[in-house]
Amino acid sequence: MLASAFTQMRAKANFVHQFIRNPRKMGSITPSSEALCRTMITSVKWPEASRIAELGAGDGVLTRQILAQMSPDATLDAFEISTTLADKLTALEDPRMTVRTCSAEYLNGNYDVIFSGLPLLSLPPELREAILRAVYNALGPDGVFVQFQYTSLTQPDLSRYFTWERQRVLKNVPPAWVYRCTRHYAP
């Protein structure tokens, strides 16, 4: 029990260290809460999800829950630009997952589900636009894009590409909005 608590404290300290080194890339000083991850996970029809992407996978808090929900033949592409955090993701050693240490703007393919914890508002507008365009182009016709944000200021950006509904998650530091987005028209 004590070893488990120590491991959790060390993981949180590492997350804070990563945030201090580059706050614009991390977006938050704490990992996503269980309540936030659960809200994101329940936004998906899992039997229909065979190709999945996660943008800004961080230290794997949401990634582990995605892997737990995925079918044995599903695949996950986890995008994380921090090599330190990408190494933590690789250590999960799940053959269904490929860790990609590149920007989410290089997302391509045909995905059933795309999860994102990227701090869209803190990204330069051109990069934010490139990422949302890449998500739109990579999302299958019946796919879903699940994005969490701490503010509603990115809604105009999301609305250019997607029809969305949102849910507030108060049990997170800070409280967050979870957007469930689907494609609606060509931007």
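The values are calculated or read from the model by the stated rules, or taken from the named source; none is laboratory data. The structure displayed is predicted, hence computed values, not measured ones. For neighbour counting, all protein chains shown are included, and Cβ atoms are generated from backbone atoms with ideal geometry for every residue, glycine included. Quick note on the areas: whole protein, heavy atoms, side chains included, nothing else; ligands and nucleic acids left out. Shrake-Rupley method; radii C 1.70, N 1.55, O 1.52, S 1.80 Å.
For the stretch 53-145, the C-alpha radius of gyration sits at 1.03 times the compact-globule guess of 2.2 N^0.38 Å, with N the residue count. With protein chains left intact and a 1.4 Å probe, residues in the stretch 141-187 average 54 Å² of accessible area per residue. The spread of Cα positions in the stretch 115-162, taken along each principal axis and listed from longest to shortest, comes to 28, 20, 17 Å. For the stretch 81-187, chymotrypsin sites (Phe, Trp or Tyr not before Pro) meeting the loop criterion (DSSP other than H, G, I, E, B) and having at most 13 other Cβ atoms within 10 Å: Tyr185. Local charge sum around Leu55 (other residues, Cβ-Cβ under 10 Å, Lys/Arg +1, Asp/Glu -1)? Cβ neighbours under 10 Å give a net charge of -3. Residues of the stretch 61-102 falling in the label zone of Arg38, defined by backbone nitrogen less than 15 Å from a point 7 Å along Cα to beta-carbon, are 62, 65-66. With both labels modelled 7 Å from their Cα along Cα-to-Cβ, the Thr30 to Ser122 distance reads 1.5 nm. Taking the accessible area of the stretch 56-187, probe 1.4 Å, and keeping the other protein chains in place, the carbon and sulfur fraction comes to 52%. The mean accessible area for residues of the stretch 28-136, using a 1.4 Å probe and ignoring ligands and nucleic acids, is 44 Å² per residue. Other residues with beta-carbon under 13 Å from the beta-carbon of Cys37 carry, at +1 per Lys or Arg and -1 per Asp or Glu, a net charge of 0.
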